[in-house]
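Heads up: the structure comes next, in structure tokens.
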2 protein chains.
Amino acid sequence: MAKRAAPYHHGDLRRALLAAALALLDEGGVDAVTIRAVARRTGVTHAAPANHFRDREALLTALAAEIFTKLSALISKRLEKAGGSRDARIRVFADAAIDFGLRHPHRFRLIWRRDSLDGADDALNRAMDGIYDRLVAELAAGRGRAAVSADTQAIGLWSMVHGYVCMRLDGNLVSKADEATGEPRRKAIVTAFLDGIGGGAKK
Amino acid sequence: MAKRAAPYHHGDLRRALLAAALALLDEGGVDAVTIRAVARRTGVTHAAPANHFRDREALLTALAAEIFTKLSALISKRLEKAGGSRDARIRVFADAAIDFGLRHPHRFRLIWRRDSLDGADDALNRAMDGIYDRLVAELAAGRGRAAVSADTQAIGLWSMVHGYVCMRLDGNLVSKADEATGEPRRKAIVTAFLDGIGGGAKK
DNA sequence: ACTCAATCTTGACGGTGTCAATATAAAATG
DNA sequence: CATTTTATATTGACACCGTCAAGATTGAGT
């Protein structure tokens, strides 16, 4: 027994491969995470990973699931420290996702690049859905007379955060940095979404 | 002269390569667009494309620029038919981008996958900036007492639209389709952004 | 007619993912 | 403890990829 804890030859090759893959990802992006490079870095031959990951897609998927779990933990930690204000708790999600994306660009790109991943993977889907469900729960709690459902709000907010990080990482907003924060519209877009951008009179 | 119209041997290999690349993209996604496959489909040898595209990145970049231009044209056409209402004109951008993304998934994924493209390419940047600038112009026209600038609104809205299509293409919202439209929250998220999702009293 | 440059072909190199066959070592069984 | 079974790792091969260098071919300019 204890199959996962101390496998046969290597000790725990699966974990070692994932660690090497994460290092390669941070250093050189998704393209640098090749099966052969991961095997080299771990000190095994090029075909050894095949025992633990069906193919490269499976390796990337497992890596993405791990990263998703870390992001989820980050959000949890911040939510604990957050106050009870609904807006503040909503901002936790946006801030955490943006922080994460800016701090680990390659990880962010990987987990959202679903066409390079196995969409049917359970671990991946559970990790993703977990974050989403918690966001919906926060949005549903004590909201006012909003015209749309919490689900809709969650989809919209999460979409916005995702797209914002994408553009930042691609260098699309460099000319638009605020003098105050040095970051282009980071807080402002969340404010915009909270307040609305329509022509109606504001608060 | 007329270099572009009728080059030397093939007629217009550059254009032919781009057409083949687009077909391959639609059929099999970005991964199917290899230099060799494009050459095969065009009927030339595998090294011929090198005369027109420095490398694969350059080919994908040129393809993306072409696609961006088409998207821009689509928006233009719809804006002409749109009324004068600010909200309606804003919705044109969101609707066009979403329509485009859902209709041509692989094209959408390519043009936003900037880490596979040449970020310094002029044609690409001009095509992208053109869309963004027009969106800012529409947002700036006759908006009310909004708390944030038109730039901020543009970044937020465009981010949201981008993220929404991503999630749709990845099959993340399948369980959330509206009974009315069959599309999950498509109009609603734009409404949410126009109206705001904060707790403040609504219209 | 001649030169020249642009264009395309041929052939090679190292890298990749993946498969089949083999060796090895741990676990299970007697 | 000996033996069998199973999981794991190695070796070697294959086809495909992007890219480079060298040569052949063709159009344009003079």
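The values are calculated or read from the model by the stated rules, or taken from the named source; none is laboratory data. Not measured: the values here are computed from a predicted model. Positions of Cβ are backbone-derived with ideal geometry, glycine not excepted, and every protein chain shown enters the neighbour counts. When the accessible area is computed, the model is the full protein with side chains, heavy atoms only, and any ligands, DNA or RNA have been set aside. Shrake-Rupley method; radii C 1.70, N 1.55, O 1.52, S 1.80 Å.
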Picking from A:Arg36, A:Arg41, the residue that is charged (D, E, K, R), over 19 Å from A:His104 (Cα atoms), within 12 Å of DNA strand C (Cβ to nearest atom) and loosely packed, with under 14 Cβ neighbours inside 10 Å would be A:Arg36
Q.
Regarding segment A:74-88, can at least one residue be identified that is under 24 Å from B:Leu110 (Cβ atoms), more than 16 Å from DNA strand D (Cβ to nearest atom) and either touching a helix residue (DSSP H, G or I) at 6+ places or on another chain (Cβ under 7 Å) or modelled with pLDDT of 95 or more (or both)?
A. no
From the option list B:Gly144, B:Gly163, single residue qualifying as at pLDDT 90 or above and either open to solvent by less than 40 Å² (accessible area, probe 1.4 Å) or basic (Lys, Arg) (or both) is B:Gly163
Open item on the list: Against the definition (open to solvent by less than 70 Å² (accessible area, probe 1.4 Å), modelled with pLDDT under 95, out of contact with any His (no Cβ under 9 Å at 6 or more places or on another chain) and at positive phi), how does B:Gly11 come out, yes or no?
Closed with: yes
Taking segment A:36-55 and keeping only residues that are under 25 Å from A:Arg103 (Cα atoms) and either assigned by TED's automatic domain parsing to the domain that holds A:Ala127 or within 13 Å of DNA strand D (Cβ to nearest atom) (or both), one is left with A:Val38, A:Arg41
*Can you confirm whether segment B:156-172 contains a residue that is part of a helix (DSSP H, G or I), among the small types (Gly, Ala, Ser) and more than 7 Å from chain A (Cβ to nearest Cβ)?*
no
Requiring at least 1 residues that are more than 30 Å from B:Ala188 (Cβ to Cβ) and more than 13 Å from chain A (Cβ to nearest Cβ), the helices (runs of 4 or more DSSP H) wholly within segment B:1-120 are B:13-28, B:35-42, B:56-81
Going by the conditions given, is B:Asp26 in contact (Cβ under 8 Å) with a residue 12 or more places away in the chain, under 30 Å from B:Ala192 (Cβ atoms), more than 15 Å from DNA strand D (Cβ to nearest atom) and open to solvent by 40 Å² or more (accessible area, probe 1.4 Å)?
no
